[in-house]
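**Student:** Can you read through this structure? Questions will come right after.
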Amino acid sequence: MTDATAYAQADRLFGRKRLFSWGLPAVVLTYLVYVAFAFHILTPDMFGIPSNIPDRDRLKFDVANGRTLVADMVSYKTHVTRDNRSGDLSVAIEGERKGAYPDGIVPGWVNAQGETTVIDLGAGHVVTFLPGNAMTFEVPGYGTVRGQIEGRAVVTNIPEDDVPDWINLSSTRMAITTDEGRLSLTRNKTEVFNYFPGWELFWFTLDSPYSGHGVFDILFGDQIDPARTNVAGAWHDFWENPMWRHVDVAWALFETVLMAFLGTFGAAIVALPVAFLAAKNFSPLMPVRFALRRVFDFLRGVDALIWTILLSRAFGPGPMTGALAILFTDTGSFGKMFSEALENVDQKQIDGVASTGATTVQRYRFGVIPQVTPVLLSQVLYFLESNTRSATIIGAITGGGIGLLLTQAMITQKDWEEVTYYIILIVIVVMLMDSLSGWLRRKLIKGE
C-alpha cells in the first residue's frame, strides 16, 4: 500500500468519524425542533410568522392546576360544605360520607354558630358563611371578597375588569384558590377545601375506636375496645378500612401479578414445543417453518392491548382476559426467540447423546434442552418482570387488578392521594419482581 493510498483511507475514515460526531447531534437537534413544532410547544407566530393553529391545539401549562394536583397527591383536604338550598352544614375528609365528622362535632378551625360559620384556614385567610347564601373570604394583601347567590347568578364585589388570576369567576360559579385553601361558590352549595399534609384516615376511619391512638397505645396501652384485643381490633379496622380499602388493593395487586405470571409462563409452555417445528435444524419441512414463523409474527405484531380488547368481547372483563392477551403476544415473541436459540445449538452434544442409544425424546431432553435452558429462562424471567408493568394497563381495560383501581381513582379526580398510593404500590411490586427475577436468574442459570 502506497503512502497516498494510506492517507486516502485514513482521510475517509476520519471523515466518516467527523460526519458521525457532527451528524448525529444535528439529527437529534432537528428531531427535537420538529417535535416542538409538531406538538405546538413552539408556533410560527412566536417568530412573527402568521399561523392558523387553533387555540385549543396549543400546548398550555396551567400552573394553578398543577399546584392543585400536587397538593392533592401529597396531602388530604377536608371539605366544609353548606347546602345553599337547605342550609345544612357538613364537614368531611375528602368529601366522603365515610370520612364525615359526626353531627355536632367539627374540627377546631371551624366555628359554627347558627347560620354563621367561621372557617380559619390559617395565615389570616378566613372564610365566613353568612345567612342568605352569602359568604366572605378575607385574603391578606388583597382584602375581603364577598359573594352571594341571587336567583341563579353569583354576585360578588370583584370588579369585572380586574379579576385576579387566583379567582375564576363566571355568572354561575366563583372559585378562589389561595396558598391556604380553596373556595367554590355555586347555586347548589358553598364549599371550602382546607389542605393538610399526609394521608388522613389511611390507618383508621373516624368511626373506629382506634382513631387518634398511636402505636404505643395500641401495643402497650389499656384495652380500647372492650369487645376486641387492641392488636386484633386495630388490624381488622386497618385491613377493612372502607376509605382506603387495603384488602381490595392487596387482592388487586395479586390479580395483577397473577395475570403476568399466567400469561408469561403459559406462553413459554406453548411456544417451546412449537419452536422445534419452526427451527430449520429440527423441522426439515420449509412450508411448516414458514407458516409457523408468520404465525409468530402475527401474534407478536398485535399489541397486548389490542388482544385485550378483542378477547374481552369473547370472554368478558376479568383477569383471565388479561392473562390470555399476554399469552397471545408473548407466544409470538417466545416462538421467535426459542426457535432461533434452537437453531444455534451444538450438534455434537446431540450426537453424543444419540451414540448412547437414546431415543428422539431423550436426545432432545438431554442434548438440546440443557443448551437452550439459560437463554429460555433468562428471556422468560425478563418478560415476567416486564409483563408485571403491562398487566397494570391491561387490567385497566379488562376490569381487573390494580389497573382498575388506578383508573377509577383517576377518573373521579377526587382522591389523588389514592392515585399516588396505587402508583407507589405498583413501583414497589415491579421492583420486587425485578429483584426476584434477578435472584432466580443467578440461582437457575449461574448456580450462585
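Here is a yes/no grid of residues against (1) at pLDDT below 85; (2) open to solvent by less than 10 Å² (accessible area, probe 1.4 Å):
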site: L310; (1), (2): no, no
site: G316; (1), (2): yes, no
site: T321; (1), (2): no, yes
site: F334; (1), (2): no, yes
site: F338; (1), (2): no, yes
site: D346; (1), (2): yes, no
site: V353; (1), (2): yes, no
site: G357; (1), (2): yes, no
site: I369; (1), (2): yes, no
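**Student:** Ok, one more. Any residue at all in the range 226-235 that is free of Cβ contacts under 8 Å to residues at least 40 places away in the same chain and closer than 28 Å to M431 by Cα?
**Tutor:** Looking for residues that are free of Cβ contacts under 8 Å to residues at least 40 places away in the same chain and closer than 28 Å to M431 by Cα, one finds at least one in the range 226-235, hence yes.
**Student:** Mind listing just one residue for me: the one in the range 229-264 that is of a type in the set (F, W, Y) and under 22 Å from E94 (Cα atoms) and, of those, surrounded by the fewest Cβ atoms within 10 Å (Cβ to Cβ)?
**Tutor:** W239
**Student:** Any residue at all in the range 156-174 that's out of contact with any Leu (no Cβ under 8 Å at 6 or more places or on another chain) and closer than 15 Å to N194 by Cβ?
**Tutor:** No.
**Student:** State which residue is most open to solvent (accessible area, probe 1.4 Å) when the search covers only the range 90-109 and only residues that are among the aliphatic types (A, V, I, L, M) and out of contact with any Asp or Glu (no Cβ under 8 Å at 6 or more places or on another chain).
**Tutor:** Across the range 90-109, the extreme among qualifying residues is I105.
**Student:** Further question on the same structure: How many residues does the range 101-135 contain that are on the phi < 0 side of the Ramachandran plot, in a strand (DSSP E or B) and either of a type in the set (D, E, K, R) or in contact (Cβ under 8 Å) with a residue 24 or more places away in the chain (or both)?
**Tutor:** Residues meeting the conditions: 9.
**Student:** Quick one: in the range 179-228, of everything that is among the aromatic types (F, W, Y) and open to solvent by 90 Å² or more (accessible area, probe 1.4 Å), which residue is nearest to L130 (Cα to Cα)?
**Tutor:** Taking the candidates together, the pick is W203.
**Student:** Output the residues belonging to the range 365-404 that are among the aromatic types (F, W, Y) and under 30 Å from A354 (Cα atoms).
**Tutor:** Of everything in the range 365-404, just one residue is among the aromatic types (F, W, Y) and under 30 Å from A354 (Cα atoms), namely F366.
**Student:** Give the range 154-168 a look and list any residue that's over 16 Å from D83 (Cα atoms) and surrounded by 11 or more Cβ atoms within 10 Å (Cβ to Cβ), or say none.
**Tutor:** Scanning the range 154-168 gives V155, T156, N157, I158, V163, P164, W166, I167, N168.
**Student:** While we're on this one: Criterion first (open to solvent by 30 Å² or more (accessible area, probe 1.4 Å) and touching an Asp or Glu at 6+ places or on another chain (Cβ under 6 Å)) does W439 satisfy it?
**Tutor:** no
**Student:** I would also like to ask the following. Out of the range 86-98, which residues are modelled with pLDDT of 85 or more and either under 24 Å from G143 (Cβ atoms) or in contact with a strand residue (DSSP E or B) (Cβ under 8 Å, 6 or more places away or on another chain) (or both)?
**Tutor:** D88, L89, S90, V91, A92, I93, listed by residue number.
**Student:** Among what's in the range 382-391 and is touching a helix residue (DSSP H, G or I) at 6+ places or on another chain (Cβ under 6 Å) and without any contact (Cβ under 8 Å) to a residue 60 or more places away in the chain, pick the residue that is most open to solvent (accessible area, probe 1.4 Å).
**Tutor:** Out of the qualifying residues, it is R389.
**Student:** Here's another thing I want to ask about it. Can you pull out every residue in the range 278-308 that is open to solvent by 60 Å² or more (accessible area, probe 1.4 Å) and of a type in the set (D, E)?
**Tutor:** The answer is D303, and nothing else.
**Student:** Could I ask something else about it? Tally time: how many residues in the range 136-153 are free of Cβ contacts under 8 Å to residues at least 60 places away in the same chain and either among the acidic types (D, E) or crowded, with 16+ Cβ neighbours inside 10 Å (or both)?
**Tutor:** Looking only at that region, the number is 8.
**Student:** I've got another one for you. Of the residues I402, I394, I411, I426, which is under 22 Å from A323 (Cβ atoms), surrounded by fewer than 22 Cβ atoms within 10 Å (Cβ to Cβ) and out of contact with any Pro (no Cβ under 8 Å at 6 or more places or on another chain)?
**Tutor:** I426
The values are calculated or read from the model by the stated rules, or taken from the named source; none is laboratory data. Remember, it's a predicted structure, so these values are computed and weren't measured experimentally. Cβ atoms come from the backbone with ideal geometry, glycine included; neighbour counts cover every protein chain shown. Accessible surface is based on the protein model in full, side chains and every heavy atom, while ligands, DNA and RNA are left aside. Shrake-Rupley method; radii C 1.70, N 1.55, O 1.52, S 1.80 Å.
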